[in-house]
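The structure under discussion appears below in the form of structure tokens.
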Amino acid sequence: MSRLIVAIDGPAGAGKSTVARRVANRLGLLFLDTGAMYRAITWKAMQQGLPLDDEEAMARLARESRIELIPGENGDRVLIDGQDVTDAIRTPEVTRNVSQVSAHAGVREVLVERQRELSKEEGVVAEGRDIGTVVFPQAPVKIFLVASPMERARRRAKDLEAKGHPVDLDELAAEIARRDAYDSNRAVSPLKAAPDAVHVDTDPMTADQVVERILEIAHARTRA
Ligand code: DC
């Protein structure tokens, strides 16, 4: 299964990162967190005080930046131009701005190219919004994870609290709804299930159950 590509898409808080990482471990594939790449560019743009609505400036920034995703025992590290931004890209400020930066076609072009490059050497489990539709439309295994807005807000709250960020659940639910609307309605590569994606409703499932379900789907699709 060395060059297998598993594409996992879905809205914010559907549990993509947790399950994608575990599926990658189980299958011995690279885990590709594409949201982390959009977050890293957003972080850098904010650091430099650049106008986030300036498509050309954002695309140039993406072209000139070197993003690395480094797997490690205590989770993956995200580096931009050699600087470790693993924690910095998860702050509410970056989260608020990332939809705007990731909506620029020029930014997406650069990052999609980089994502494809990373999959050239080895198989990957990639998660994001456009993996099955744009990045790897040929992936034999495509999953679209869904969960209710309240359940997604609860999961995000747990993650943020564990990292020491205080949260207001209603505010978080509103923020998730806003980001969903933005990500789903943008002109370029909107969040959308590929026609051949298998939808998995994670509301009644634990992360481990979702992992098992994805492995079943992967086995069925790669046997065929
Ligand atoms: O999965 P995440 O919350 O880390 O993603 C951050 C943002 O990046 C999300 O609001 C939409 C965007 N994104 C995207 O447009 N395309 C992807 N493949 C991954 C993320």
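The values are calculated or read from the model by the stated rules, or taken from the named source; none is laboratory data. Since the structure is predicted, the reported quantities are computational estimates derived from the model, not experimental observations. For neighbour counting, all protein chains shown are included, and Cβ atoms are generated from backbone atoms with ideal geometry for every residue, glycine included.
Residues in segment 40-64 that are outside any helix (DSSP H, G or I) and either exposed (fewer than 12 other Cβ atoms within 10 Å of the Cβ) or free of Cβ contacts under 8 Å to residues at least 40 places away in the same chain (or both): 48, 49, 50, 51, 53, 54.
Among the residues of segment 141-158, those that are over 26 Å from residue 5 (Cβ atoms), assigned to a helix (DSSP H, G or I) and in contact (Cβ under 8 Å) with a residue 24 or more places away in the chain comprise 149, 151, 153, 156. Just one of the listed residues (94, 107) is within 13 Å of the ligand (Cβ to nearest atom), assigned to a helix (DSSP H, G or I) and either within 26 Å of residue 137 (Cβ to Cβ) or within 13 Å of the chain's Cα centre (by Cα) (or both), and it is 107. For segment 17-37, indicate whether the set of residues that are within 9 Å of the ligand (Cβ to nearest atom), modelled with pLDDT under 95, buried (at least 24 other Cβ atoms within 10 Å of the Cβ) and closer than 28 Å to residue 221 by Cα is non-empty. No, segment 17-37 has no match at all.
One residue stands out among those in segment 118-140 that are assigned to a helix (DSSP H, G or I) and modelled with pLDDT of 95 or more: the one that is nearest to residue 66 (Cα to Cα), which is 135. Starting from residues that are charged (D, E, K, R) and within 9 Å of the ligand (Cβ to nearest atom), keep the ones in segment 179-198 and report whichever is farthest from the chain's Cα centre (by Cα). Per the criteria, the residue is 186.
Only residues that are touching a residue at least 24 places away in the same chain (Cβ under 8 Å) and crowded, with 16+ Cβ neighbours inside 10 Å were counted across segment 161-185, and they come to 7. Among the residues of segment 183-203, are any part of a helix (DSSP H, G or I), under 26 Å from residue 99 (Cα atoms) and touching a Lys or Arg at 6+ places or on another chain (Cβ under 6 Å)? Yes: segment 183-203 contains one or more residues that are part of a helix (DSSP H, G or I), under 26 Å from residue 99 (Cα atoms) and touching a Lys or Arg at 6+ places or on another chain (Cβ under 6 Å). A residue that is in contact with a strand residue (DSSP E or B) (Cβ under 9 Å, 6 or more places away or on another chain), surrounded by 14 or more Cβ atoms within 10 Å (Cβ to Cβ) and in contact (Cβ under 8 Å) with a residue 60 or more places away in the chain occurs somewhere in segment 202-212.
Matching residues to (1) more than 9 Å from the ligand (Cβ to nearest atom); (2) under 12 Å from residue 36 (Cβ atoms); (3) touching a helix residue (DSSP H, G or I) at 6+ places or on another chain (Cβ under 7 Å):
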residue	(1), (2), (3)
74	yes, no, no
82	yes, no, no
119	yes, no, no
122	yes, no, no
125	yes, no, yes
134	no, no, yes
149	yes, no, yes
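For segment 115-132, the tally of residues that are within 14 Å of the chain's Cα centre (by Cα) and farther than 18 Å from residue 218 by Cβ stands at 3.
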